[in-house]
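The block underneath contains the structure these notes are about, expressed in structure tokens.
The values are calculated or read from the model by the stated rules, or taken from the named source; none is laboratory data. What you see is a predicted model; the values in this text were computed from it and never measured. Cβ sites come from the backbone with ideal geometry, for glycine too, and all protein chains shown count toward neighbours. The accessibility values were calculated without ligands, DNA or RNA, using every heavy atom of the protein model including side chains. Shrake-Rupley method; radii C 1.70, N 1.55, O 1.52, S 1.80 Å.
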Amino acid sequence: MRVKICGITQPQQATAIASLGATALGFICVPSSPRYVTATQIRAVVTQLPDNIDKIGVFANAHIQEINQIVQDAGLTGVQLHGDESPEFCYQVRKNFPSVEILKALRIRSLDHLELAAIYAQYVDTLLLDAYHPQQLGGTGKTLDWAMLEKFHPGTPWFLAGGLTPANILEALSLVNPDGIDLSSGVEIQPGNKDLNKVAELFQKLGSRE
Ligand SMILES: O=C(O)c1ccccc1NCC(=O)[C@H](O)[C@H](O)COP(=O)(O)O
């Protein structure tokens with residue numbers, strides 16, 4: 001299973017988290033976020049990481065030119081669209097970056113909202129389901145209703161996100177069967193400062209399933 005730790009800001013924490021078992025790291029390219037990092041800061045982290053770690057930039061309602069510039073300057077291997085991007089916009093991004101993984105985050109409010117997944121699945125490589133929060137776009141610590149996702153099979157690989165922690169991950173995975181999981185605030189001391197003990201506990205819990 002893919003494991004993405006999101007909201008990385010510090011090079012030493014990135015390499016430690018990769019060594020613990022993360023397969024992907026996320027960098028928040030949304031200026032209003034307390035976890036925001038510039039392309040220069042991301043590059044400083046990315047150059048320290050092994051090739052097999054996915055380096056994913058998280059954007060929200062950004063212009064395609066801005067995404068383009070940051071992908072190149074930072075050395076990203078993936079782009080996560082976490083705002084209100086339309087399927088058409090996702091398709092444009094997909095066409096612009098044929099060798100970059102494109103992820104669309106859907107902030108799920110209700111069962112009806114899940115129907116969007118089938119539409120977006122046609123235009124992106126991967127979906128990410130996050131919890132809806134009226135004021136914050138992401139990193140909220142709010143969980144989804146996992147029982148609602150028991151039969152969720154969008155036809156494309158997907159990550160489960162939203163309020164996952166070392167304490168609740170096994171319960172979540174007993175109900176839901178995603179291709180990957182994404183955690184941010186559940187493994188943090190404060191926004192952008194990851195708690196390596198919690199990350200280690202997460203991988204210990206995941207290891208106990210095998
Ligand atoms: O984390 C942020 O600050 C953020 C800001 C704006 C857009 C997206 C953001 N995070 C996206 C993520 O992929 C988080 O990992 C995801 O929302 C889960 O967060 P959490 O509930 O804290 O595990």
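In this structure, Asn197 and Thr40 have a Cβ-Cβ separation that, at R0 = 25 Å, corresponds to a calculated FRET efficiency of about 0.30.
Full extension of the chain between Arg2 and Ser208 yields a length gain of 72.6 nm, computed as 0.36 nm times the residue separation minus the alpha carbon distance.
Annotated for the chain: lysine pairs at least 8 residues apart or interchain, Cα distance under 29 Å, count 26. Of interest is the spacing of the C-alpha centroids, which for region 68-91 and region 112-185 amounts to 19 Å. About its Cα centre, the dipole of region 51-128 is roughly 60 debye, where the only charges are +1 on Lys and Arg Cβ and -1 on Asp and Glu Cβ. Looking at Val176, Pro31, Cys90, which one has the Cα that reaches farthest to the positive end of the dipole of the chain (charges on Cβ: Lys, Arg +1; Asp, Glu -1)? It is Pro31. With contributions of -39500 (n - 2.57) from each DSSP H run of at least four residues, the per-residue ellipticity at 222 nm computed over the chain stands at -8500 deg cm²/dmol. Placing +1 on the Cβ of every Lys and Arg and -1 on the Cβ of every Asp and Glu, with no other charges, gives the chain a dipole of roughly 260 debye about its Cα centre. On full extension, the segment bounded by Ala16 and Tyr132 gains 38.8 nm, given 0.36 nm per residue less the C-alpha separation.
Rounded to the nearest 20, the size of the Cβ-charge dipole of region 93-182 about its Cα centre is 280 debye, with Lys and Arg at +1 and Asp and Glu at -1. Take the Cβ atoms of Leu111 and Asn168, set R0 to 22 Å, and the FRET efficiency comes out at 0.55.
Over the chain, accessible surface divided per residue gives 45 Å², non-protein components excluded, 1.4 Å probe. Taking every C-alpha pair closer than 8 Å and separated by at least 6 residues, the mean separation divided by the residue count of the chain gives a relative contact order of 19 percent. In this simple spin-label approximation, Asn61 and Thr47 carry label points 7 Å from Cα along the Cα→Cβ vector, and these lie 3.4 nm apart. GNM remark for the chain: springs join alpha carbons under 10 Å apart, and the peak mean-square fluctuation among Ile119, Ile70, Ile17 falls on Ile119. Surface composition of the chain: carbon and sulfur make up 48 percent of the accessible area, probe 1.4 Å.
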